[in-house]
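Input: a single structure, listed below in structure tokens.
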Amino acid sequence: MVVQTFTSRDYKTDTHNTWCAGCGDFGVLNAIQAGLAELQLPPHEVAVVSGIGCSGKAPHYINAYGFHTLHGRALPVATGVKLANPNLTVLAVGGDGDGYGIGAGYFMNSGRRNVDLTYLVFNNGVYGLTKGQASPTMPKGLKTKGMAEPAVQDNINPLALAIASGYTFVARGYALEPKRLARLIAQAVQHRGTAFIDILQTCPVYNDLYTKEWYAEKTGSNGRARLFYLDDEGYDGRVADPTNVDEVVEKKVHAIARSYEWGANIPLGVFYQMEVPTFEEQLGQGGLRRDRLPVEENFEYRDLTRLMDSFR
Ligand code: SF4
Ligand code: MG
């Protein structure tokens, strides 16, 4: 039997890329392709679902099934894809404006379900596609060259929000360190349940505050770089016993506290992880009533056609 070996090249497409030169999105794209290659996932067993924004174009550049959906709707569509075909590895991708602004309700409620999928947010602090307005992650009072005036609203903390919402794998990555990001993405895909990575991504066209030079500055303690990895300092956010409520709460509170570190010291890596049954496994165990859900046991395309016909 011939064992097929996939490389990053197998996940690339010939589609013309319209991202600006030097955009951090390229680093994330490379990391996704390297992560899929690390896991040796056949392209036809992967689906990438995106919302709207610069990063929403990612499925066009990845050789896998792709679905470029509506603004803020990557997660519900990815959930539907996974439930319709649990054999697929499903990635939802999109920007900070898409996921934390327009899609904020879906962001929180997806954490409650624990469907086995991975959500990657390209977080650049701005709405790049619409010329650089402040996104939900731009701190109040800051002003980039793309903004007419300083941000007037407080920013959100996506990691804290994800942990509080029930995500079972919560991490932060950096677009311009694609090797470590690829490893993080592979870990997230291997996690059973909903995995979330907030990826710090440079937008050289509109965000002149969070630049690659700013991220590279040696501002940390003892001359350490601003960005550092939690696991390099021995941090372990994994919950050993998910039935131990005290441990779960303690790990969550600690991870949330670390997620507020910003400025001179910005931690990367896995903040929190817990293995509990996925939504799909609960369906199989009768924990949820399949007959109350729109996904039938032997769902066929013709059933969908019949369903749509009933509304004509
Ligand atoms: Fe990248 Fe910013 Fe250009 Fe969008 S506007 S493609 S985020 S550099
Ligand atoms: Mg953005």
Handout entry: In the stretch 17-31, residue nearest to the chain's Cα centre (by Cα) [restricted to those that are away from ligand 2 (no atom under 16 Å from the Cβ) and more than 19 Å from residue 179 (Cβ to Cβ)]
Key = 17
Practice task
Working only within the stretch 1-36, note down all residues that are outside any loop (DSSP other than H, G, I, E, B) and either modelled with pLDDT under 95 or more than 13 Å from ligand 1 (Cβ to nearest atom) (or both).
Solution key: 8, 9, 10, 11, 12, 30, 31, 32, 33, 34, 35, 36
Problem - Residue that is surrounded by the most Cβ atoms within 10 Å (Cβ to Cβ), among those in the stretch 70-86 that are under 10 Å from residue 47 (Cα atoms) and in contact (Cβ under 8 Å) with a residue 40 or more places away in the chain - result: 78
Exercise for the section: For the stretch 37-58, state whether one or more residues are over 19 Å from the mean Cα position of the chain (by Cα), more than 16 Å from ligand 1 (Cβ to nearest atom), part of a loop (DSSP other than H, G, I, E, B) and at pLDDT 95 or above. Expected result: yes
Problem - Qualifying residue in the stretch 115-137 (condition: touching a residue at least 60 places away in the same chain (Cβ under 8 Å), within 12 Å of ligand 2 (Cβ to nearest atom), charged (D, E, K, R) and in contact with a helix residue (DSSP H, G or I) (Cβ under 9 Å, 6 or more places away or on another chain)) - result: no
Exercise for the section: For the stretch 32-42, state whether one or more residues are within 16 Å of ligand 2 (Cβ to nearest atom), crowded, with 24+ Cβ neighbours inside 10 Å and not polar (S, T, N, Q). Expected result: no
Handout entry: Of the criteria (1) within 26 Å of residue 194 (Cβ to Cβ); (2) of a type in the set (A, V, I, L, M, F, W, C); (3) more than 16 Å from ligand 2 (Cβ to nearest atom), which one residue 107 fails
Key = (3)
Handout entry: Within the stretch 134-149, tally of residues that are more than 16 Å from ligand 1 (Cβ to nearest atom), basic (Lys, Arg) and more than 24 Å from residue 162 (Cα to Cα)
Key = 1
Completion exercise
For residue 280, the lone unmet condition from (1) at pLDDT 95 or above; (2) assigned to a helix (DSSP H, G or I) is (1)
Exercise for the section: Collect the residues in the stretch 62-105 that are among the small types (Gly, Ala, Ser) and either farther than 20 Å from residue 157 by Cα or in a helix (DSSP H, G or I) (or both), keeping them in residue-number order. Expected result: 64, 66, 74, 78, 80, 84, 97, 99, 101, 104, 105
Handout entry: Those residues of the stretch 87-102 which are in contact (Cβ under 8 Å) with a residue 40 or more places away in the chain, within 12 Å of ligand 2 (Cβ to nearest atom), out of contact with any Cys (no Cβ under 9 Å at 6 or more places or on another chain) and small (Gly, Ala, Ser), in sequence order
Key = 94, 97, 99
Completion exercise
Within the stretch 210-235, the residues that are in a loop (DSSP other than H, G, I, E, B) and surrounded by 11 or more Cβ atoms within 10 Å (Cβ to Cβ) are 210, 211, 217, 219, 220, 224, 225, 226, 235
Handout entry: Which listed residue, of 211, 137, 194, is of a type in the set (Ser, Thr, Tyr) and more than 19 Å from the chain's Cα centre (by Cα)
Key = 211
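The values are calculated or read from the model by the stated rules, or taken from the named source; none is laboratory data. Computed from a prediction, not measured in an experiment: that's the story for all the values here. Reconstructed Cβ throughout: ideal geometry from the backbone, glycine too, with neighbour counts over all protein chains shown.
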